[in-house]
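**Student:** Have a look at this one.
The values are calculated or read from the model by the stated rules, or taken from the named source; none is laboratory data. Fair warning: this is a prediction, and the values are worked out from it, not measured in the lab. Ideal geometry is used to build each Cβ from the backbone, glycine not excepted, and the neighbour counts take in all protein chains shown. Just the protein is used for accessible areas: all its heavy atoms, side chains included, with ligands, DNA and RNA removed. Shrake-Rupley method; radii C 1.70, N 1.55, O 1.52, S 1.80 Å.
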Amino acid sequence: MAAPHKLFYKGSNVDDFVIFVDDVNLREKYLKGDTTIPLIDIVSIYKVFVNRQGGSEGVLDEASKNELSNEFGTTDVDAIIKKILKEGSDKQGSSIQRGGNSHNDSMGAGNTGN
């Protein structure tokens, strides 16, 4: 299975937004005016992510309603996904990394000297 395409939307402030598309052919049909295609069939994950580091690479978190409202003027995920589908740039095969997951939680806080 091919890696999902990352659609990158450059935010007007510090944050940049990302959605993932499984089938670029469906996106192309949508862009050419076929609005009968359900958005859920186009996107891999029905969420909008934010990269607080800027750029198309880096760790992604789910965008908060406040972040969505500040950037897009709405928290309507349908409207935001439609905007990113139309205006986002395709970063095919970019790696998917979410959250700030620790890779060594079993070590605990270590020796605190107490």
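Quick grid of which residues meet (1) open to solvent by 50 Å² or more (accessible area, probe 1.4 Å); (2) at pLDDT 90 or above:
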residue	(1), (2)
Asp23	yes, no
Arg27	no, yes
Thr36	yes, yes
Leu39	no, yes
Val43	no, yes
Lys47	yes, yes
Arg52	yes, no
Glu57	yes, no
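**Student:** Still on this structure, I have one more. How many of the residues in segment 60-82 are of a type outside the set (Val, Ile, Thr), in contact (Cβ under 8 Å) with a residue 12 or more places away in the chain and buried (at least 19 other Cβ atoms within 10 Å of the Cβ)?
**Tutor:** Final tally of qualifying residues: 5.
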